[in-house]
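First the structure, in the form of structure tokens, and then the observations on it.
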Amino acid sequence: MKKLSIILGGLFVASVAQAGGYQLNDYSVTGLGRSYAGQGIMGDDYSAIAFNPAGMTLMKRSGIQTGLSFVNLNADVESIDSRYANQHKKMDFWVPIPQFFAQYNLNDRWSLGMGVYAPFGLKTDYDADWFASDTAVLSKLDIVDFNISAAYKINKHWSVGVSGIMRYIYGKMTNSISPLAGSGESDFNVHAWSQTASFGLMYEHNENTRFGLSYRLRSAQRTKGDFYVSGSMNPAFNGKSNVWANPDLPETITLSGYHRYKKFGFSGTARWTHWTSSFPDFSVYSDAPLMKAVYSATNGTKVSHYDYDNTWTLTAGLDYYYCKNLTFRFGAGWDESPTHSDNKRTIRIPDNDRWWTSIGASYMKNNWQLDIGYAHMFGKTGKALEASDPSSVQVKYKNLQSHILGIQYQYKF
């Protein structure tokens, strides 16, 4: 039973900390078509509110925008654990990610905006009866930013912007405990609000060439929630307890550029994410008797060390302005994972370096614009060994890939 309590105490740590590797870009279907190159300075939708608020000055008319992206994750999961020899599993599911923006231009210099979007998030979902269900079944992290932004055009070359952000986090993790206690399930649910901000700067050399720099602050979430254990043959494990945790989300610095030549627009983005300041370690505390028994020296607090690496994301895009009403887009990108060691990777989040290609199009008429986009991501083959927890089932992920489909509607007043 001690083994059971160790696994339960570590589940929240493994799930939420590794969730940090799933930084999202899905604020703009327009940007999806070019692999999100030129973030915040393209001037063809209202997503600058999230990417770089200084870029709001490029939108000469007030308007609203709403979109929905569908993200698919699939992989072949193969056991490399002697306890589950020759076991295989297919993971394949879809997750919707919505976004909404609105902007009002006070005059030629000042713009105000608001946005609702997901800057981070994850989901992995295995069948309840799969061979490693005692390690993980469902892992879900929803983070939603509620953004209020302002931008000011200093002169014909320079613009600045700032965003105040209220951030909501919700996490849920489930797993089976049947191999350890005869039967039963474990379920964590936590939530919290926090605050952060972002700042933007944009330089326009001329109407065809510009550069943008944005900085988003780190945020610290102090989550609280419930820890349920049900169906265990040991009644001491069953019931509801409190759980607290402190997942930090990292600061980012993003540099983007854009240049138009005749009917072609060339864009690029480099983003640096400061994971080392957010995930050197991660702690979780519960008042559950089993947690206090196992971690008696720290009164029920478990600390796990992850030592995340800082990462780069690099993207390049091409817009082809076919005519006044129709634009086609193409893009490619590389996204570095903060987890490079198989020993630190977990079943809950099989994160790894990934590459992607994308296509998209916009159709514009009068005051409205319709965007569609598609991206295909390729993940490196990797193992999830989670050396810090020998109870965790060790697996290998093959054919790890993701699809993103998006549609978006924009209306200018």
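Accessible area of R83, 1.4 Å probe, to the nearest 10 Å²?
110
For the chain, how big is Rg over Rh, using alpha carbon atoms and the Kirkwood form of Rh?
1.02
Sorted by accessible area with a 1.4 angstrom probe, largest first, how do V284, V116 fall?
From most accessible down to least: V116, V284.
Report, in listed order, any pair from K89/K396; K262/K324; K263/K324; K140/K302; K60/K262 with a Cα-Cα distance greater than 19 Å.
Listed pairs above 19 Å: K140/K302; K60/K262.
How much length, in nm to one decimal, is gained on full extension between D287 and W355, taken as 0.36 nm per residue of separation minus their Cα-Cα distance?
That pair, D287 and W355, stretches by 20.2 nm at full extension.
Sort out for me the Cα centre separation of the stretch 24-86 from the stretch 236-250, rounded to whole Å.
First find each Cα centre; the distance between them is then 30 Å.
Sorted by average packing, counted as other Cβ atoms within 10 angstrom per residue and highest first, what order do 131-137, 271-277, 361-367 take?
131-137, 271-277, 361-367
Heavy atoms only, probe 1.4 angstrom, no DNA, RNA or ligands counted: give me H376, H340 ranked by accessible area, highest first.
My answer, sorted largest first, is H340, H376.
Take the alpha carbon atoms of the stretch 148-213, find their center, do the same for the stretch 305-337, and report the distance between the two centers in whole angstrom.
First find each Cα centre; the distance between them is then 18 Å.
For the stretch 64-221, state what percent of all Cα-Cα pairs lands in each successive 5 Å bin, counting from 0 Å until the bin that includes the largest distance.
2, 7, 12, 13, 14, 12, 10, 8, 7, 6, 4, 3, 2, 1, 0
Taking the Cα atoms only, what angle lies between the long axis of helix 2-19 and the longest principal axis of the chain, rounded to 10 degrees?
For helix 2-19, the angle is close to 10 degrees.
Normalised by the number of residues in the chain, what is the relative contact order in percent for Cα pairs under 8 Å and 6+ residues apart?
This gives 19 percent for the chain.
Restricting to DSSP H runs of at least four residues, report the calculated mean residue ellipticity at 222 nm for the chain, -39500 (n - 2.57) per run over all residues, nearest 500 deg cm²/dmol.
Result for the chain: -2000 deg cm²/dmol, rounded to the nearest 500.
The values are calculated or read from the model by the stated rules, or taken from the named source; none is laboratory data. Quick caveat, the model's predicted, so the values are computed rather than measured. Please note: Cβ atoms are built from the backbone with ideal geometry, for glycine as well, and neighbour counts cover all protein chains shown. Surface accessibility is based on the protein's heavy atoms, side chains included, excluding ligands, DNA and RNA. Shrake-Rupley method; radii C 1.70, N 1.55, O 1.52, S 1.80 Å.
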